[in-house]
């Protein structure tokens, strides 16, 4: 049972999807426009936002940026254009995952649950580890840098936990897609690249010369060595 | 081609070298011809002048000395006459001869005969080891009282060396040769200057043509002067402008097509999304309904799914056609990707993966996945299990071979037609799970990778589809968005 905010302008999609997600046990509030969505977002205290990108008035990208600016609530975007550029812009605006319409509600439900699971405390290591000025607390699911808390979306946090869980070891994009995004199919590695970029922006002193999360050309990413 | 290149080995490849060589050759031929013509003319006039002067001198001498000769002469008077004529001369009168000098051997019988025949003055040029000589011969004539002249029988021969003249000529030859040799560096220098001024516009043209070929369609030349090269420059500019216009038009049209596909995509996917949501709920509630309603619901759910699939394939193909698809190559193990394709679609029962060593290749994972899924899906629908999937490297390519155990390819149909749009393998089968676009999508994706896909019957019945993609292991380009910092990291 999680509070979901659905922002979708098409009436039939909004009604049917809200109902279907409700059947999967979610408490769904829905809005037909970005403006209305942002208002509801504050009232409803949503734990996750399902956001259509093509909206009249304020578009989905802008809504995405505003929600991201306000906090770390995860966002799953719905795109109907099937355009690569939509996906890339959506991810850059701060979305955690995306699905292309048409998609069965059970797939969206699976994606929602996967995204929410990322924020759950780590079962494996309930420990606190410090890497230079970066401290990762797996029990409280918090990250601090120079003593200041770093606000992270569940996706960013899980990605950091996966990478720092095996320091010095290279993880391929596909591995990360499966472990962080729980994509069982051969998914879109742009999710990983975009997640890494956002993570670097938050924890690296200079994101252009990363220390913590390093690119291993042609293979994937590696945490450290710090 | 080989023969020609061998035959023309002496002819340099570079235009500059050819221009220089041609210019120098022309300059040298002209210099040599002019010098030679001048030399020949000067030499002729010098020889003529020398000869005329010698002949005049001897003639004067004879006409001055002749009246003093007693007639008929005796040996003494012949000697006197000979002494007056100087060294290398000879005077004869019937049996008597007065001669002195070493060059008298040059007097030929021919000359003697000519004098005997009554020639008034004969001249012959003779060359021996000491150089060229002029041999002159004249009879002394007696003038009678009535003014008539008759031969006295006294013959005078004088030999004169031409060595000084020859020395002069040799000097001239040296000057001419030196002039020609001296003209060579000058000609080369001029040729360099000329070739530079001629070739600079050509080089500019070549540079601009390269720019154009690299896609800088705004490239233009500044025409200078009014020569043929200036014409060429303005022709080049016209061509570039025309190219830019038509490419611009094509790009606009392509952009329109892409926009259209994106719009159609949105218009089609949105109602399908609603339909899919509704169908899922109807399906979930089906157990509360009558068997007839349940059947209808199942049918509607199935058709909706098929419609969604068809729309997906149609839009994918339209996007590919509109050029709205960008390849995102990534270095992956193709064996692993293909195994995932089969596993994630739940096909493990009907499909046998032939064990293989990893085959790394730089491919777009999503497109490879779609392509292989379409081939395997097609084999499962139209062939019979087990479907064997094999991945192997061959030269610079990676091959994904999908073999089924069905009846093989339809008879009388060219295998290429199978990759056409909406081609259905079996005309009698009206219903099929496939959209009829799967193989077409595989073909377009293969071509997008610079590869290909083909179909034929396998050796032990069944159809065999082979997807061939270049591995591109040498390519540096990858999809790392932060690729620029990799080199820095490598140093750490």
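Listed here are the strands (runs of 3 or more DSSP E) enclosed by the range A:82-175 that have at least 2 residues being away from chain B (no Cβ under 14 Å) and surrounded by fewer than 21 Cβ atoms within 10 Å (Cβ to Cβ): A:128-131, A:134-137, A:142-145.
When the range B:329-338 is filtered for residues that are touching a residue at least 60 places away in the same chain (Cβ under 8 Å) and either in contact with a helix residue (DSSP H, G or I) (Cβ under 8 Å, 6 or more places away or on another chain) or at the interface with another protein chain (Cβ under 8 Å from one of its Cβ atoms) (or both), the ones remaining, listed by number, are B:330, B:331, B:334, B:338. Do we find that residue B:373 is within 12 Å of chain A (Cβ to nearest Cβ) and crowded, with 16+ Cβ neighbours inside 10 Å in this structure? Taking the combined requirement at face value, the residue satisfies it. Only one of the listed residues (A:17, A:21, A:55, A:48) is at negative phi and more than 13 Å from chain B (Cβ to nearest Cβ). That residue is A:48. Look at residue A:76 and say whether it is in a strand (DSSP E or B) and surrounded by 15 or more Cβ atoms within 10 Å (Cβ to Cβ). Yes: the conditions hold for residue A:76. When we screen B:154, B:180 for residues that are in a strand (DSSP E or B), more than 26 Å from the chain's Cα centre (by Cα) and on the phi < 0 side of the Ramachandran plot, the only hit is B:154. Identify the residue in the range A:191-211 that is more than 8 Å from chain B (Cβ to nearest Cβ) and more than 20 Å from the chain's Cα centre (by Cα) and, among all such residues, is farthest from residue A:142 (Cα to Cα). It comes out as A:206. Condition first: in a loop (DSSP other than H, G, I, E, B) and farther than 14 Å from residue A:109 by Cα. Now tell me which residues in the range A:13-67 satisfy that. The answer is A:32, A:33, A:45, A:46, A:53, A:54, A:55, A:56, A:57, A:58, A:59. Can you go through B:299, B:279 and tell me which one is in a helix (DSSP H, G or I), surrounded by fewer than 21 Cβ atoms within 10 Å (Cβ to Cβ), modelled with pLDDT of 90 or more and more than 7 Å from chain A (Cβ to nearest Cβ)? Result of the check over B:299, B:279: B:299. Scanning the range B:341-365 for residues that are surrounded by fewer than 18 Cβ atoms within 10 Å (Cβ to Cβ), within 20 Å of residue A:182 (Cα to Cα) and touching a residue at least 12 places away in the same chain (Cβ under 8 Å) yields a count of 1. Has the range B:256-267 got at least one residue that is away from chain A (no Cβ under 12 Å), within 52 Å of the chain's Cα centre (by Cα) and surrounded by fewer than 16 Cβ atoms within 10 Å (Cβ to Cβ)? Yes. Restricting attention to the range B:226-255, the residues that are outside any helix (DSSP H, G or I) and surrounded by 11 or more Cβ atoms within 10 Å (Cβ to Cβ) total 1.
The values are calculated or read from the model by the stated rules, or taken from the named source; none is laboratory data. Every value quoted in this text rests on a predicted model; they were computed, and no experiment measured them. Virtual Cβ from ideal backbone geometry, glycine too; neighbours counted across all protein chains shown.
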